[in-house]
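See structure below.
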Amino acid sequence: KRYQQFNPERKSRHNVAHHYDLSSELYELFLDRDRQYSCAYFEKPENDLDTAQTDKKCHIAAKLLLERNHKVLDIGSGWGGMGLYIARHFGAQVDGITLSDEQFKVSNQRAKSENLDDKAKFHLRDYRNLEDTYDRIVSVGMFEHVGVNHFKTYFNKIHDCLAKEGVALLHTIGRIGHPSVTDPWIRKYIFPGGYIPSLSEIMPAIENTGMVVSDIEFLGLHYAETLRHWQQRFQANRDKVKDIYDETFCRMWEYYLACSEVSFRHLDSTVFQIQIVKDRHVVPMTRNYIAKEEAVLREATANNTRAA
């Protein structure tokens, strides 16, 4: 397992390119408008995918306890959606990092087109090369690519980059049961170097830094619904996908989406949202603040501005 997940910088870059530097049009055909390639948040079961992905960003932002003067790091910033959401609604300064050339290009183009390039900047950078200090750190759907060998390095880096009164939020696919290995088919064809960790593998790496886990939420069934929507959109655009690639690619991705949905709905896959702090007093004593901030953000999203 450790050999399969040996992900030094050069290999990590290669593994990311295998999946995330595929045709940009492919992802437009089955993801939401904001290209959120991670678990959505179905506040209501009947919500459509775009609403659920917006609510996911809202849910994460609420847990981060964001303020206008904050400096925010987005590790694994994808096509820029989370970072741009934070910059747009909070006016915070956002640094996003990715190893994907395509995501790096698209995210900066989006920031410029939305006149947010003075607030949100995206960099082609490995997390191991970070040096600045941030008030808030968020990572959505990236930790699955770190590899169990590198958990200590990853959380040590978060510790070093997080301000004393900072808040970090890790959103990652996880395993409900005991530690295992990556499915060989997924490892070969979909996510080379990837690994779904158990909570028992994540927690010691956080504890050893001296940071405090202040909240954990499980969102596995939300990902099952997300994958159901992705599969429906993929099927609706299957001919277009086939025009970009071929029949073999279509069958491969149909299987990837189908087996993933089954795993989240019936087997041992879930999603962890882990809130991490250095000072336990920076987070309110109850979780009521999350719903209150979500209500404000939902109204702000509707008006495209955030209430003061």
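The values are calculated or read from the model by the stated rules, or taken from the named source; none is laboratory data. These numbers come from a predicted model, not from an experiment. A quick note on method: Cβ atoms are made from the backbone with ideal geometry, for glycine too, and the neighbour counts reach across all protein chains shown. Side chains included, ligands, DNA and RNA excluded: accessible areas come from the protein's heavy atoms. Shrake-Rupley method; radii C 1.70, N 1.55, O 1.52, S 1.80 Å.
What the table below lists for this structure:
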| item | result |
| --- | --- |
| Residue within segment 266-273 that is over 19 Å from Glu144 (Cα atoms) and either of a type in the set (Ser, Thr, Tyr) or free of Cβ contacts under 8 Å to residues at least 60 places away in the same chain (or both) present | yes |
| Residue in segment 171-179 that is open to solvent by less than 50 Å² (accessible area, probe 1.4 Å) and of a type in the set (A, V, I, L, M) present | yes |
| Subset tally (residues that are of a type in the set (A, V, I, L, M), in a loop (DSSP other than H, G, I, E, B) and buried (at least 17 other Cβ atoms within 10 Å of the Cβ)) for segment 15-57 | 2 |
| Enumeration of residues in segment 58-102 that are of a type in the set (A, V, I, L, M, F, W, C), over 23 Å from Leu124 (Cα atoms) and open to solvent by less than 10 Å² (accessible area, probe 1.4 Å) | Cys58, Ile60, Ala61, Ala62, Leu64, Phe90 |
| So Lys164, is it open to solvent by 40 Å² or more (accessible area, probe 1.4 Å), of a type in the set (Lys, Arg) and modelled with pLDDT under 95 | no |
| Qualifying residues in segment 194-211 (those that are of a type in the set (Gly, Ala, Ser) and over 23 Å from Cys161 (Cβ atoms)) - the one most open to solvent (accessible area, probe 1.4 Å) | Ser200 |
| Subset of segment 136-149 that is surrounded by fewer than 22 Cβ atoms within 10 Å (Cβ to Cβ) and within 19 Å of the chain's Cα centre (by Cα) - its residue that is farthest from Arg187 (Cα to Cα) | Gly141 |
| Wholly enclosed strands (runs of 3 or more DSSP E) of segment 101-184 bearing at least 1 residues of a type in the set (Asp, Glu) | 134-140, 162-175 |
| Residue count for segment 250-290, restricted to those that are part of a helix (DSSP H, G or I), more than 19 Å from the chain's Cα centre (by Cα) and over 30 Å from Gly210 (Cβ atoms) | 11 |
| Count of segment 103-124 residues which are in contact with a Leu (Cβ under 8 Å, 6 or more places away or on another chain) and open to solvent by 30 Å² or more (accessible area, probe 1.4 Å) | 4 |
